[in-house]
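**Q** Can you read through this structure? Questions will come right after.
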């Protein structure tokens, strides 16, 4: 499970049938300083989040378990909306706050 | 499982029901001597660990679901122990009681 910031959204009208109604978001994983860690990726948004929001996501097989339909080809899912994270006394919050 | 340093906490008021009421920690994987390595993760706390603690982290889904007792919980990373001390090749590289790193002899 990782901390990430939502940077955008992805719309795919045609996708695997079990994924209907699950929004896709473009996210950037963050390290404990709030800086980008690794490349951006697409994740299923099981909880609603929008660009700029801080979230946490799970990767691997567990991501599919977070979706309404659990036998789906998914390897990253946003499972929580993060209000704030504090690391080494430094606060990481939503963009601009 | 890997060793990690708890570097912070995460407040997530809105999340999937399986995680409700669970404390989330930011953990930084470390080598036995304390050098950071790998990617920072968010882990569920299962042992009342806190900031600055060296911990043992499980990063695997089946074990995580077993700990939560929920076969459908989408969780992966869980803090499963607080490290007392670490010996490498017979040398004490970390001791929780002293909170200092002895130099390997």
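The values are calculated or read from the model by the stated rules, or taken from the named source; none is laboratory data. Please read these numbers as outputs of a predicted model, since none were measured by experiment. Don't worry about glycine lacking a Cβ; one is built from the backbone with ideal geometry, like all the others, and counts go over all protein chains shown.
**Q** Filter segment B:10-46 down to the residues that are without any contact (Cβ under 8 Å) to a residue 60 or more places away in the chain and farther than 22 Å from residue A:62 by Cα and list them by number. Step through it out loud before you land on a result.
**A** Taking segment B:10-46 as the starting set, the residues that turn out to be without any contact (Cβ under 8 Å) to a residue 60 or more places away in the chain are B:10-31, B:35-46.
Answer for segment B:10-46, where residues must be without any contact (Cβ under 8 Å) to a residue 60 or more places away in the chain and farther than 22 Å from residue A:62 by Cα: B:30, B:31, B:35, B:36, B:37.
**Q** With A:60, A:52 as the choices, which residue is at the interface with chain B (Cβ under 10 Å from one of its Cβ atoms) and surrounded by fewer than 24 Cβ atoms within 10 Å (Cβ to Cβ)? Talk me through it step by step, then tell me what you get.
**A** Values: A:52 fails: at the interface with chain B (Cβ under 10 Å from one of its Cβ atoms).
Every option except A:60 fails the conditions.
**Q** When segment A:65-96 is examined, which residues are found to be surrounded by fewer than 21 Cβ atoms within 10 Å (Cβ to Cβ), more than 7 Å from chain B (Cβ to nearest Cβ) and either closer than 27 Å to residue B:5 by Cβ or touching a strand residue (DSSP E or B) at 6+ places or on another chain (Cβ under 8 Å) (or both)?
**A** A:67, A:75, A:89, A:90, A:91, A:93, A:94, A:95
**Q** Shifting gears a bit: With A:63, A:77, A:43 as the choices, which residue is outside any strand (DSSP E or B) and under 13 Å from the mean Cα position of the chain (by Cα)?
**A** When all the criteria are applied, what remains is A:63.
**Q** Condition test on residue B:37, is it surrounded by 15 or more Cβ atoms within 10 Å (Cβ to Cβ) and farther than 21 Å from residue A:75 by Cα?
**A** No, not satisfied.
**Q** Residue under question is residue A:28, and the condition is that it be surrounded by fewer than 15 Cβ atoms within 10 Å (Cβ to Cβ) and under 11 Å from the mean Cα position of the chain (by Cα); does it hold?
**A** Numbers: surrounded by fewer than 15 Cβ atoms within 10 Å (Cβ to Cβ): no; under 11 Å from the mean Cα position of the chain (by Cα): yes.
In short, no.
**Q** For segment B:3-80, which strands (runs of 3 or more DSSP E) that fit wholly inside it have 3 or more residues that are at the interface with another protein chain (Cβ under 9 Å from one of its Cβ atoms) and at pLDDT 95 or above?
**A** Those strands (runs of 3 or more DSSP E) span B:24-29, B:41-45.
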